[in-house]
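Rule-based calculations on the coordinates, nothing more; no lab input. Since the structure is predicted, the reported quantities are computational estimates derived from the model, not experimental observations. Here Cβ is always computed from backbone atoms with ideal geometry, including for glycine, and neighbour counts include all displayed protein chains.
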Ligand code: UGY
Ligand code: MN
């Protein structure tokens, strides 16, 4: 299964793929096409780079499996780099260089401000799956540094998205707080759920599908998508989706730049 367990052997006997890559526009990466990457600092972790500047993104996304002794003791982030981690499954210990420690379980997330390095270790014997995001910070004069944010999806109340009854949205970072230049959300389409309209917007997205199946329209082409797929949507890519199938809600964790005036 893709990046899983660092396995690179035979995955699909027909050698077919749903992957689509339109550089600078949009991409769909399926799990079976991912390869394990070596990234400085990550040990005993099968990690794959997803969206990145090479695709046209202003950020980098990663999907990672921390094995029993999986860790990063080198510190992840950097000067003017902000980081975000979301636990897809398992238990992850996130800490800073002062020894402050957070135990994140499924649905747990942590945002560290620019320059504040994140350290990781698996918090259990079994594998822990994690979605990671990193981006340079764009400061706004007159507003201070953003603060660290740590929480769990299960402690938040979602709102209906685009006024749709069966589509729920969770916001992980403070909304309308100009210290933050992006947000990370979860969007869940329950049975029969769809966006309210075809969105076409300035902001870009990276999205990792956590559950279910759906049909996704990117720049007026329809694609089937499912759990484990990754989507990149460049600025202004027309985008709309709806839930299909019997595997539960279609849900994805995704990022969106926010709170800045491009002019
Ligand atoms: O927030 C968003 O722009 C989101 N609804 N986009 C998307 O799901 N493609
Ligand atoms: Mn959107």
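Going by average Cβ density within 10 Å per residue, which order do the peptides 104-117, 235-248 take, highest to lowest?
Ranked from most to least packed, the peptides come out as 104-117, 235-248.
Let me know the volume per residue of the alpha-carbon convex hull for the range 86-219, in Å³.
It comes to 140 Å³ per residue, whole-number rounded.
For a test of the definition: using alpha carbon positions, the gyration tensor, and the 1.5 limit on a/c, classify the range 1-104 as rounded, prolate or oblate.
Judged from the Cα gyration tensor, the range 1-104 comes out oblate (a/c at least 1.5, b/c at or above a/b).
Based on the inverse mean of 1/r over its pairs of different Cα atoms, what is the Kirkwood hydrodynamic radius of the range 110-163, in Å?
Radius from the Kirkwood sum: 14.8 Å.
With N set to the number of residues, divide the alpha-carbon radius of gyration of the range 141-263 by 2.2 N^0.38 Å and report two decimals.
Compactness ratio reported: 1.09.
What is the packing order of peptides 249-260, 64-75, taking the mean over residues of other C-beta atoms within 10 Å and listing the highest first?
The packing order, highest mean first, is 249-260, 64-75.
Just the number: Rg to Rh for the range 198-251, Cα atoms, Kirkwood Rh, two decimals.
Computed over Cα atoms, the ratio is 0.97.
In 5 Å bins starting at zero, report the fraction of Cα pairs in the chain per bin as a rounded %.
Here the calculated profile for the chain is 1, 6, 13, 18, 20, 18, 13, 8, 3, 1, 0, 0.
Checking the a/c ratio against 1.5 first, then a/b against b/c, what shape does the Cα gyration tensor give for the range 36-81?
Because a/c hits 1.5 or more and a/b fails to exceed b/c, the range 36-81 counts as oblate.
Please order 195, 205 by the number of other Cβ within 10 Å, starting at the fewest.
Exposure proxy ranking, most exposed first: 195, 205.
Rounded to two decimals, what is Rg over Rh for the range 18-168 when you use alpha-carbon atoms and the Kirkwood radius?
We get a ratio of 0.98 for the range 18-168.
Compute the label zone of residue 261 within the range 136-175: residues whose backbone N is under 16 Å from the point 7 Å along Cα-to-Cβ.
Of the residues in the range 136-175, 139-143 have backbone N under 16 Å from the label point off residue 261.
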